[in-house]
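Before any comments, here is the structure.
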Ligand SMILES: Cc1cc2nc3c(=O)[nH]c(=O)nc-3n(C[C@H](O)[C@H](O)[C@H](O)COP(=O)(O)O)c2cc1C
């Protein structure tokens, strides 16, 4: 009888150890680690995707940065004309920069007839107050309220074509803004023709624009650029 009990007990213990062994194979921690593996894989996938998205976001943002670096015309500049005469290109360069800053329209002034002897004829015109015939690349000058007038200094004066431009247009009540380029003289001595020929215009502070870097602060100073 005692032997049977021992055999039964032994059989139960064996059966119990089988059950425990079987439970060990269904270890929940194995499932967890497998889920963790999946989570890691998903996270890795996201991590791989995120920089790719960032790259594409950056690549779409880059042109915006480039755009914001370009010169934006000032919203307060209104209808602006930049009229200029330029013999060798320096004044034209200044005029183009003013147009970029203000969003204004460029108008080139040219002498209708080319000079024969520049040195002789051009100085005589200035001294005698002659107004030579000119062409202007913009017709509707009367539509503009703010007019820049640019020229090279010749014999410490404005070339005679500028006198023609000022005399043959009605600038009453409009704002004229002189600017020039030169080899050394400043704009001061050349300004008298603005008051003489356009007494009813507002004459703003002029600029000798030999250094193009002076243009931006000058425009800010006269209120045409923020
Ligand atoms: C006929 C002539 C006269 C000039 N007279 C002067 C002058 O009196 N003072 C001066 O500083 N520069 C003088 N210059 C130099 C010009 O003003 C200077 O080179 C200017 O930037 C030229 O502008 P532009 O390239 O728009 O023609 C003269 C140039 C020329 C061709």
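None of the figures in this text is laboratory data; all of them are computed from the coordinates on show. Note that the structure is predicted; figures quoted are calculated from it, not measured. We place every Cβ from the backbone using ideal geometry, glycine too, and count neighbours over all the protein chains shown.
Once you sort the root eigenvalues of the Cα gyration tensor of the stretch 149-226 as a ≥ b ≥ c, which label holds: rounded (a/c under 1.5), prolate (a/b larger than b/c) or oblate (the other case)? Here the stretch 149-226 falls in the oblate category. For the stretch 157-174, the residues whose backbone nitrogen is under 12 Å from a point 7 Å from the Cα of residue 185, taken along Cα to Cβ, are 157-160. Note on the stretch 75-221: Rg/Rh from C-alpha atoms, Kirkwood Rh, equals 0.93. In this simple spin-label approximation, residue 200 and residue 120 carry label points 7 Å from Cα along the Cα→Cβ vector, and these lie 4.1 nm apart.
Spacing of the modelled spin labels on residue 222 and residue 100, each 7 Å from Cα toward Cβ, amounts to 1.9 nm. Computed extension gain for residue 79 through residue 212, at 0.36 nm per residue and net of the alpha carbon distance, reaches 45.6 nm. Counted by neighbouring Cβ atoms within 10 Å, the residues 143, 157, 100 run from fewest to most as 143, 100, 157. The order of 155, 218, going from fewest to most other C-beta atoms within 10 Å of their C-beta, is 155, 218. By the count of other C-beta atoms within 10 Å, a proxy for reagent exposure, 198, 180 are ordered fewest to most as 198, 180.
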